Amino acid sequence: MNKTLTNAVWKMRMQDDCLAGFEVNASLIPSGGTSYQLYIPSKGCHNACVFCNYGFKHPVRQEEILKKVEHICRYLPSNIETLILESSGSFLDDRELPEELQYKIMEIVAKTKVYRVQFETHYKTVTEKKLNKILQILKGHELAFEFGLESTNEKTLSIYNKDINVKEFFKLVQHCQNLGIEASLNVLVGAPLLTIKEQVQDALDTVEDILQNCPKSTDIVLFPINIKDYTLLKHMYNQGRYSIISHWEFVDVLTQIPRNALDRVYISWWGNRVNEFHGKDAIIHPQACENCHHVLMNFYNSFVNASSLEDKQKAVKEISKVNCSCRMAYEKEKSTQKCNKTISQRLSDEIMKLENEFF
Ligand code: SF4
Ligand SMILES: [Zn+2]
């Protein structure tokens, strides 16, 4: 992780005092279909990815959290199949949530009839000890991890300031699979400092790397970047050095993924998320014009609710035929946008600007 990027990310995060004084407790959030997220307010992530603002500092009120989790698990919705355990970063990070609290929450969840339990966590928090505990406590449940990979390109990961060693990451995914635990990998579309063409290629290369290097049961979740308040990305956007991506860029990626792999591909944060603490303007979603907005939303919904590979292929085929002036503008920008500097040069330039702006 780069020191300037990390410090700048933290300067942005520290401006957020929206949660000061709030008694935030565990909550159950529907995430589509039969999946629900069990959100546990934690101390926040200590990493500093440029697009993320999960670094705030809630006090962790263990007793209250456990009482609330007991209550939520007693009254789970009848259609629930998957429960995703998540915090403000990594559920299995002992710095965020005390280790004992993690196990106690797992024990409560183990008593429910939830079929699949998924952990949202940084891959470095998955130790042998944690794996053994999970397998022991949640025996009988289908298990999975959700990891933020974002990209397999080292340069893109440096732009994101993301602490990942791709080789080690894939090794862990395979190890988990050998233990019977599946993985779902998040991939971001829209890295700053890249041209549109490079952003699209980066996402497609990452999907290809996952298809080549991970077990067949590994899912891929594509996210178009959203610009969130109190992130370094928001600062770059405010300075005119980053533009929010077009919905058509996200569609561009989806339509170029090998069609027979689409059953492993899911989408998230396509423009349907709001920030419950900061209000609806705290997140800038991908953009399109008013004429095609509803077509795009229908497409996303059909993709998310598709129950077979054929349904996903059909949804992708249909959206690829849709035309709109804003789609044409996107295509034109993609084909004409040029940058003569190498990605490393662009990153050094950006770091210099941030040094002037922040320190
Ligand atoms: S993206 Fe994940 S690892 Fe990065 S700062 Fe956010 S929560 Fe932490
Ligand atoms: Zn349009």
For this session: Looking only at segment 279-310, count how many residues are at pLDDT below 90 and either within 16 Å of ligand 1 (Cβ to nearest atom) or of a type in the set (A, V, I, L, M) (or both).
Result: 1
For this session: Look at segment 60-94 and say how many of its residues are part of a helix (DSSP H, G or I) and either of a type outside the set (Lys, Arg) or at positive phi (or both).
Result: 10
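Yes or no, residue by residue, for (1) within 16 Å of ligand 1 (Cβ to nearest atom); (2) surrounded by fewer than 17 Cβ atoms within 10 Å (Cβ to Cβ):
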{"position": "155", "(1), (2)": "no, no"}
{"position": "164", "(1), (2)": "yes, no"}
{"position": "167", "(1), (2)": "no, yes"}
{"position": "178", "(1), (2)": "no, yes"}
{"position": "181", "(1), (2)": "no, no"}
{"position": "191", "(1), (2)": "yes, no"}
{"position": "208", "(1), (2)": "no, yes"}
{"position": "230", "(1), (2)": "yes, no"}
{"position": "240", "(1), (2)": "no, yes"}
Exercise. Pairs, please: C-beta under 7 Å, at least 6 apart or cross-chain, first residue over 15 Å from residue 49 (Cβ atoms) and without any contact (Cβ under 8 Å) to a residue 12 or more places away in the chain and in segment 82-98, second within 16 Å of ligand 2 (Cβ to nearest atom) and acidic (Asp, Glu)?
Worked result: none
Exercise. From the list 55, 33, which residue is within 22 Å of residue 190 (Cα to Cα) and either away from ligand 2 (no atom under 16 Å from the Cβ) or at pLDDT 85 or above (or both)?
Worked result: 55
Problem set entry | Any hit, segment 294-307, residues being within 16 Å of ligand 2 (Cβ to nearest atom) and in a strand (DSSP E or B) | no
Seminar exercise, completed: When restricted to 5, 38, the only residue within 18 Å of residue 98 (Cα to Cα) and modelled with pLDDT of 95 or more is 38
For this session: Scan 239, 256 and give me the residue that is touching a residue at least 40 places away in the same chain (Cβ under 8 Å) and either of a type in the set (A, V, I, L, M) or closer than 24 Å to residue 320 by Cα (or both).
Result: 256
Exercise. Could you say which residue among 171, 139 is assigned to a helix (DSSP H, G or I) and away from ligand 2 (no atom under 16 Å from the Cβ)?
Worked result: 171
For this session: Could you look through segment 311-334, keep only residues that are part of a helix (DSSP H, G or I) and of a type in the set (S, T, N, Q), and pick out the one that is farthest from ligand 1 (Cβ to nearest atom)?
Result: 325
Exercise. Is there a residue being without any contact (Cβ under 8 Å) to a residue 60 or more places away in the chain, within 16 Å of ligand 1 (Cβ to nearest atom), part of a strand (DSSP E or B) and within 28 Å of residue 301 (Cβ to Cβ) anywhere in segment 38-55?
Worked result: yes
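The values are calculated or read from the model by the stated rules, or taken from the named source; none is laboratory data. The structure displayed is predicted, hence computed values, not measured ones. Positions of Cβ are generated from backbone atoms using ideal geometry, with glycine treated the same way; all protein chains shown enter the neighbour counts.
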